[in-house]
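S.K.: Take this structure, written in structure tokens, and hold onto it; I'll ask about it next.
The values are calculated or read from the model by the stated rules, or taken from the named source; none is laboratory data. All of these numbers come straight from a predicted model, not from anything done at the bench. So basically every Cβ, Gly included, is an ideal-geometry build from the backbone, and we count neighbours across all protein chains shown.
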Amino acid sequence: MTVHTEAPAAAPAAAERPPRVPAPRRRSWTGLWFVLPFFAAYALFLIWPTFLGLYYSFTDKSLTGRTPSWIGLDNWAEALGDERAWNALGNTAVFTLYSTPPLVVLSIVFALMVNRARRAGWFLRLAIFAPYVIPVSVVTIIWTWIYQPDGGILNHYLEVLGVQSPDAPTIWLQDEHRAMWAVVITTVWWTIGFNFLLYLAALQTIPQDVYEASAIDGANWWRQLWSITLPLLKRTTALVIVLQLIASLRIFDQMYLMTSGGPNRATEVAIHYIYIAGFEGYRIGYASALSYVLFVLIMIVSIVQFRLFSRKEA
Amino acid sequence: MTAVLDKPEAPAAAPVRRRRKRPTAGAVIVYTAAIALAVVWLLPLLWALSTSLKTETEASLGQDIHWIPRDWSLEGYRTLFERGDHLVWMVNSTVVSSIVTVLTLTLCVLAAYGFSRFDFPGKKIVFAVIIAGLMVPGEALIVPLFDIVNALNLSNTYWGLALPQTVPPVMVFILKRFFDAVPRDYEEAAKIDGAGHLRVLWSVILPLSGPILAAVGIFTFIGSWNNFLWPLLVATDPSMMTLPVGLGVVTGGYGLLYAQNMAAAILGALPLLIVFLVFQKQIVKGVAGVGLK
């Protein structure tokens, strides 16, 4: 998923090569044999389901195995008028809106700090990136417990700090308005390591003499941050935001495990509703139509990403 | 091991800077803040570890919050092993992730080599179709994919869990790009010596591709190990579940046994934390590479 941006670079390079290196290659079928095993699996597990899903979206195909029949645009019409689907899409948008700013701003702050504190670099990187490699269910088991209203460690420290009284513990995951925030906080903790490493790598490519030159001109740290560092991180930020958008549209695991979409469907997201429609409601046809709506949305963001980053590299 | 890793990053710049500025108040503040932050970031894991080492009574809600167990105990871990399912999931995850990693590497290396070194009829179209696949989100395909795997009678099998994860177009790209940059002179020499294509790939190209193969392998393994949605659909039988699914669906439902839950969490986190510690360098570089190109 994450490495799309590298792809475009390959194409021009490959295109330019033949003139320089006298082409030893003749057109033959040999190359196809190398590509074929991958392509066969790719056709079966990616191309075929893509079309099968489109076909199912026009049928009343069910998980129960009864013979499906063609129902035209009924599923699509139903999806457009389905309040629960809109609610799920809305929640996905809310999650994106809540989670993207902290995931961008905090990872820049972390990266700036770690970039300065280089001698402790390995420990800091380890601590901040470690959660990223942990399976989602481990993350949710730990955080569900941290969020326990009565006896959970979060509320305990909120009480110690005097932010809340022990008589009225904050309800986190079971509260309609706070549940999404709770999931967002967990997600930030879990995934920020990736963005942090992206920023750290970008920071380390900025040559030191730029700073030294500007220091001679009398620029202080704050000034350097705003007129050198942040502008040079623009591309990374664009990348982080686009990757975040795509990841947010695909969000499911945390909500499924922490809140099951509740309370009152306040954290039910797009994939979750597809899951419910298809695997709990047995409506493969309808779930396929819903999937396609999401498919198109993700596709649009991906195309934006593709254009944004291939142009800069050209 | 890890201390060495910092060297390559700023060999030239750091000493210069350090000579210029002696440890200033600013530096002290930055170091303190950064280390405090890292510790805060580790707290959830440390809290889980601390709880997993308490007795069930000491860990239960309503007890006061304390970090050092008063009554050190491995009770949580012991009951976990007595139940046995955690071990089964760990084995399942290892098997599935290994199949995915080996197959992905094999399929993608062959395909990337084919695209990099040969010209064949239809190459452009096949390549374009794979490019298009970059934009297809796997999550949006779960419904028809589930149907296909079901039709192939692969639900609740290792193959059903693994096979659909073995076709990442991204990896073909990364490898092709790398192969494109490998000079052809070596191969020409090998070919003059009478080596066939597979032989050239195996004994000329692959030995030159160590780091990229390691990166692709590690990321594939981690991705597959942590995959949740697909195994959730395919492995409905608890004995076929992978670790994330088993922990989420079965263990997550234990409820009030906190010491045991946290022991499960710690054991669940451990395999990949070890992978991360061992391959820290490759992983950090791999992530960095996403943004730098």
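S.K.: Looking at region B:43-56, can you tell me whether even one residue there is within 30 Å of B:GLN165 (Cα to Cα) and within 8 Å of another protein chain (Cβ to nearest Cβ)?
M.R.: We begin by selecting, within region B:43-56, every residue within 30 Å of B:GLN165 (Cα to Cα); these are B:45.
This time we only want the ones that are within 8 Å of another protein chain (Cβ to nearest Cβ), so: B:45.
Yes, region B:43-56 contains a residue that is within 30 Å of B:GLN165 (Cα to Cα) and within 8 Å of another protein chain (Cβ to nearest Cβ).
S.K.: Hey, another quick one. When only residues in region A:14-61 that are charged (D, E, K, R) and surrounded by fewer than 17 Cβ atoms within 10 Å (Cβ to Cβ) count, which is modelled with the highest pLDDT? So that I can check it myself, show each step before the final result.
M.R.: To start, the set of residues in region A:14-61 that are charged (D, E, K, R) comprises A:16-17, A:20, A:25-27, A:60-61.
Those left that are additionally surrounded by fewer than 17 Cβ atoms within 10 Å (Cβ to Cβ): A:16-17, A:20, A:25-27.
Numbers: A:GLU16: 45, A:ARG17: 46, A:ARG20: 47, A:ARG25: 55, A:ARG26: 64, A:ARG27: 75.
Looking at residues that are charged (D, E, K, R) and surrounded by fewer than 17 Cβ atoms within 10 Å (Cβ to Cβ), I get A:ARG27.
S.K.: Within the bounds of region A:66-81, is there any residue that is in a loop (DSSP other than H, G, I, E, B) and either within 11 Å of chain B (Cβ to nearest Cβ) or surrounded by 15 or more Cβ atoms within 10 Å (Cβ to Cβ) (or both)? Before the answer, list the steps.
M.R.: Residues of region A:66-81 that are in a loop (DSSP other than H, G, I, E, B), as a first pass: A:66-69, A:71-73, A:81.
Restricting the remaining residues to those that are either within 11 Å of chain B (Cβ to nearest Cβ) or surrounded by 15 or more Cβ atoms within 10 Å (Cβ to Cβ) (or both) gives A:68, A:71.
Looking through region A:66-81, at least one residue is in a loop (DSSP other than H, G, I, E, B) and either within 11 Å of chain B (Cβ to nearest Cβ) or surrounded by 15 or more Cβ atoms within 10 Å (Cβ to Cβ) (or both).
S.K.: For region B:124-145, which positions are of a type outside the set (A, V, I, L, M), at the interface with chain A (Cβ under 7 Å from one of its Cβ atoms) and assigned to a helix (DSSP H, G or I)?
M.R.: Initially, region B:124-145 is screened for residues of a type outside the set (A, V, I, L, M), giving B:124, B:127, B:133, B:137-139, B:144.
Restricting the remaining residues to those that are at the interface with chain A (Cβ under 7 Å from one of its Cβ atoms) gives B:133, B:137, B:139, B:144.
Those that are of a type outside the set (A, V, I, L, M), at the interface with chain A (Cβ under 7 Å from one of its Cβ atoms) and assigned to a helix (DSSP H, G or I): B:GLY133, B:GLU139, B:PRO144.
S.K.: For residues in region A:38-74 being small (Gly, Ala, Ser) and touching a helix residue (DSSP H, G or I) at 6+ places or on another chain (Cβ under 7 Å), which is nearest to B:PRO137 (Cα to Cα)?
M.R.: Filtering region A:38-74 for residues that are small (Gly, Ala, Ser) and touching a helix residue (DSSP H, G or I) at 6+ places or on another chain (Cβ under 7 Å), the one nearest to B:PRO137 (Cα to Cα) comes out as A:GLY53.
S.K.: Separate question: Write out, first by first residue and then by second, each pair whose Cβ atoms fall under 7 Å of each other, whose residues are 6+ apart or on separate chains, and whose first residue, in region A:121-138, is more than 13 Å from A:ASN195 (Cα to Cα) while the second is of a type in the set (D, E, K, R).
M.R.: Listed pairs, sorted by first residue: A:GLY121/B:ASP6; A:TRP122/B:ASP6; A:VAL136/A:ASP253.
S.K.: Find all pairs meeting these conditions: Cβ atoms under 8 angstrom apart; at least six residues apart or on different chains; first residue within region A:160-183 and under 18 Å from B:ILE65 (Cβ atoms); second residue surrounded by fewer than 16 Cβ atoms within 10 Å (Cβ to Cβ) and charged (D, E, K, R).
M.R.: From residues that are under 18 Å from B:ILE65 (Cβ atoms), the pairs are A:PRO169/A:ASP150.
S.K.: For residues in region B:172-186 being within 7 Å of another protein chain (Cβ to nearest Cβ) and in a helix (DSSP H, G or I), which is surrounded by the fewest Cβ atoms within 10 Å (Cβ to Cβ)? Before you say what the answer is, go through the steps one by one.
M.R.: Narrowing region B:172-186 to residues within 7 Å of another protein chain (Cβ to nearest Cβ): B:172-174, B:176-177, B:180, B:184.
Keeping just the survivors that are in a helix (DSSP H, G or I) gives B:172-174, B:176-177, B:180.
Numbers: B:VAL172: 30, B:PHE173: 26, B:ILE174: 23, B:LYS176: 25, B:ARG177: 23, B:ASP180: 17.
Checked region B:172-186; the qualifying residue surrounded by the fewest Cβ atoms within 10 Å (Cβ to Cβ) is B:ASP180.
S.K.: Can you spot a residue in region B:101-115 that is exposed (fewer than 15 other Cβ atoms within 10 Å of the Cβ) and either more than 12 Å from every other protein chain (Cβ to nearest Cβ) or out of contact with any Phe, Trp or Tyr (no Cβ under 8 Å at 6 or more places or on another chain) (or both)? Don't jump to the end; show me each part of the working.
M.R.: Here is the first cut: in region B:101-115, the ones exposed (fewer than 15 other Cβ atoms within 10 Å of the Cβ) are B:106.
Checking which are either more than 12 Å from every other protein chain (Cβ to nearest Cβ) or out of contact with any Phe, Trp or Tyr (no Cβ under 8 Å at 6 or more places or on another chain) (or both) leaves us with B:106.
So far as region B:101-115 goes, yes, one or more of its residues are exposed (fewer than 15 other Cβ atoms within 10 Å of the Cβ) and either more than 12 Å from every other protein chain (Cβ to nearest Cβ) or out of contact with any Phe, Trp or Tyr (no Cβ under 8 Å at 6 or more places or on another chain) (or both).
S.K.: Among A:LEU103, A:LEU97, A:LEU124, A:LEU89, which is the only one that is more than 28 Å from B:PRO231 (Cα to Cα), modelled with pLDDT of 90 or more, outside any loop (DSSP other than H, G, I, E, B) and not basic (Lys, Arg)? Walk me through it before giving the result.
M.R.: On the way: A:LEU103 fails: more than 28 Å from B:PRO231 (Cα to Cα); A:LEU124 fails: modelled with pLDDT of 90 or more; A:LEU89 fails: more than 28 Å from B:PRO231 (Cα to Cα).
Matching residue, one of A:LEU103, A:LEU97, A:LEU124, A:LEU89: A:LEU97.
S.K.: Would you mind finding the one in B:VAL234, B:VAL216, B:VAL290 that is of a type outside the set (Gly, Ala, Ser) and either facing another protein chain (nearest Cβ under 8 Å) or within 26 Å of B:SER73 (Cβ to Cβ) (or both)? Before you say what the answer is, go through the steps one by one.
M.R.: On the way: B:VAL234 fails: either facing another protein chain (nearest Cβ under 8 Å) or within 26 Å of B:SER73 (Cβ to Cβ) (or both); B:VAL216 fails: either facing another protein chain (nearest Cβ under 8 Å) or within 26 Å of B:SER73 (Cβ to Cβ) (or both).
B:VAL290 is the lone residue from the list that is of a type outside the set (Gly, Ala, Ser) and either facing another protein chain (nearest Cβ under 8 Å) or within 26 Å of B:SER73 (Cβ to Cβ) (or both).
S.K.: Separate question: Report, by residue number, each residue of region A:265-314 that is of a type in the set (Asp, Glu) and either facing chain B (nearest Cβ under 9 Å) or in contact with a helix residue (DSSP H, G or I) (Cβ under 6 Å, 6 or more places away or on another chain) (or both). Steps first, answer last, please.
M.R.: First, the residues of region A:265-314 that are of a type in the set (Asp, Glu): A:268, A:280, A:313.
If the condition is that a residue be of a type in the set (Asp, Glu) and either facing chain B (nearest Cβ under 9 Å) or in contact with a helix residue (DSSP H, G or I) (Cβ under 6 Å, 6 or more places away or on another chain) (or both), then A:GLU268, A:GLU313 are the ones that fit.
S.K.: Give region A:120-177 a look and list any residue that's among the hydroxyl-bearing types (Ser, Thr, Tyr), more than 17 Å from B:ALA36 (Cβ to Cβ) and facing another protein chain (nearest Cβ under 10 Å), or say none. I'd like the intermediate steps shown before the answer.
M.R.: To start, the set of residues in region A:120-177 that are among the hydroxyl-bearing types (Ser, Thr, Tyr) comprises A:132, A:137, A:140, A:144, A:147, A:157, A:165, A:170.
Within this subset, residues satisfying the condition of being more than 17 Å from B:ALA36 (Cβ to Cβ) are A:132, A:137, A:140, A:144, A:147, A:165, A:170.
Those that are among the hydroxyl-bearing types (Ser, Thr, Tyr), more than 17 Å from B:ALA36 (Cβ to Cβ) and facing another protein chain (nearest Cβ under 10 Å): A:TYR132, A:SER137, A:THR140, A:THR144.
S.K.: Scan region B:146-171 residue by residue and report those that are free of Cβ contacts under 8 Å to residues at least 24 places away in the same chain and either touching a strand residue (DSSP E or B) at 6+ places or on another chain (Cβ under 8 Å) or facing another protein chain (nearest Cβ under 7 Å) (or both). Steps first, answer last, please.
M.R.: Restricting attention to region B:146-171, the residues satisfying the condition of being free of Cβ contacts under 8 Å to residues at least 24 places away in the same chain are B:147-148, B:150-153.
Selection gives B:ASP147, B:ILE148.
S.K.: Identify, please: which residue in region B:233-260 is free of Cβ contacts under 8 Å to residues at least 60 places away in the same chain, of a type outside the set (A, V, I, L, M, F, W, C) and in a helix (DSSP H, G or I) and is, among those, farthest from B:LEU43 (Cα to Cα)? If you could, list the steps in order and put the result at the bottom.
M.R.: Of all residues in region B:233-260, those free of Cβ contacts under 8 Å to residues at least 60 places away in the same chain come to B:248-249, B:252-255.
From what's left, of a type outside the set (A, V, I, L, M, F, W, C): B:248, B:252-255.
Retained after the next criterion (residues that are in a helix (DSSP H, G or I)): B:248, B:252-253.
Values: B:GLY248: 21, B:GLY252: 21, B:GLY253: 24 Å.
Among residues in region B:233-260 that are free of Cβ contacts under 8 Å to residues at least 60 places away in the same chain, of a type outside the set (A, V, I, L, M, F, W, C) and in a helix (DSSP H, G or I), the one farthest from B:LEU43 (Cα to Cα) is B:GLY253.
This table checks each residue for (1) more than 23 Å from A:GLN244 (Cβ to Cβ); (2) aromatic (Phe, Trp, Tyr).
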{"position": "A:TYR275", "(1), (2)": "no, yes"}
{"position": "A:PHE279", "(1), (2)": "yes, yes"}
{"position": "A:ARG283", "(1), (2)": "yes, no"}
{"position": "A:LEU290", "(1), (2)": "no, no"}
{"position": "A:ILE298", "(1), (2)": "no, no"}
{"position": "A:VAL301", "(1), (2)": "no, no"}
{"position": "A:VAL304", "(1), (2)": "no, no"}
{"position": "A:ARG307", "(1), (2)": "no, no"}
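S.K.: Moving to a separate point now. Where in region A:181-262 are the helices (runs of 4 or more DSSP H), entirely inside, with at least 2 residues that are of a type in the set (Asp, Glu) and surrounded by fewer than 19 Cβ atoms within 10 Å (Cβ to Cβ)? Steps first, answer last, please.
M.R.: Numbers: elements: A:208-216, A:221-224, A:234-249, A:253-258.
Hits in region A:181-262: A:208-216.
S.K.: In contact (Cβ under 8 Å) with a residue 12 or more places away in the chain and either under 21 Å from A:LEU197 (Cβ atoms) or in contact with an Asp or Glu (Cβ under 8 Å, 6 or more places away or on another chain) (or both): is that true of A:THR259 in this structure?
M.R.: Numbers: in contact (Cβ under 8 Å) with a residue 12 or more places away in the chain: yes; either under 21 Å from A:LEU197 (Cβ atoms) or in contact with an Asp or Glu (Cβ under 8 Å, 6 or more places away or on another chain) (or both): no.
No; evaluated as a whole, the condition is false for this residue.
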